[in-house]
Amino acid sequence: MEGLPHKRGRLPAEPYGQWEEEAKGLIEEEMMRRGIRYKQLSRMLEEMGIDESPDQINRKVNRKRFSAAFLVACLSAMGVETIALRQFKRGQNSDA
């Protein structure tokens, strides 16, 4: 098996790292704004036919490893109708 290329691991989080942090922030900010805890969000998702335990949701959000579908489902379950995205320049938050 010599001569075969090494199996590559996952690429570094950049350039997606900032976007993963933004997605995590969207969920966490809405949860705080609305006073929703992971257990409540789990129940809200269940009403939409999505079976995620509070611990599963917590891990996904904190690890910033979830799909766009999960993000939209969580926001929808919480009753979010619109979101505001911050503008980024050259890989850095413009607030910095």
Note to self: Against the condition at pLDDT below 95 and out of contact with any Gly (no Cβ under 9 Å at 6 or more places or on another chain), how does Gln56 come out, does it pass?
What the structure shows: no
Note to self: Would you confirm, using the coordinates I've provided, whether Leu41 is surrounded by 14 or more Cβ atoms within 10 Å (Cβ to Cβ) and either more than 12 Å from the chain's Cα centre (by Cα) or not in a helix (DSSP H, G or I) (or both)?
What the structure shows: yes
Note to self: Looking only at residues that are over 13 Å from the mean Cα position of the chain (by Cα) and either surrounded by 17 or more Cβ atoms within 10 Å (Cβ to Cβ) or of a type in the set (S, T, N, Q) (or both) in segment 45-73, which one is farthest from Leu85 (Cα to Cα)?
What the structure shows: Ser53
Margin query: Condition first: in a helix (DSSP H, G or I) and in contact (Cβ under 8 Å) with a residue 24 or more places away in the chain. Can you find one or more residues in segment 51-60 that meet it?
Written below: no
Note to self: Suppose we filter segment 17-44 for residues that are among the charged types (D, E, K, R) and closer than 19 Å to Arg86 by Cα; how many remain?
What the structure shows: 8
Notebook entry, point to check: Looking at segment 4-38, which of its residues are among the hydrophobic types (A, V, I, L, M, F, W, C) and either surrounded by 12 or more Cβ atoms within 10 Å (Cβ to Cβ) or at pLDDT 90 or above (or both)?
Noted result: Ala13, Trp19, Ala23, Leu26, Ile27, Met31, Met32, Ile36
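The values are calculated or read from the model by the stated rules, or taken from the named source; none is laboratory data. All values reported here derive from a predicted model rather than from experimental measurement. With ideal geometry, Cβ positions are generated from the backbone for all residues, glycine too; neighbour counts draw on all protein chains shown.
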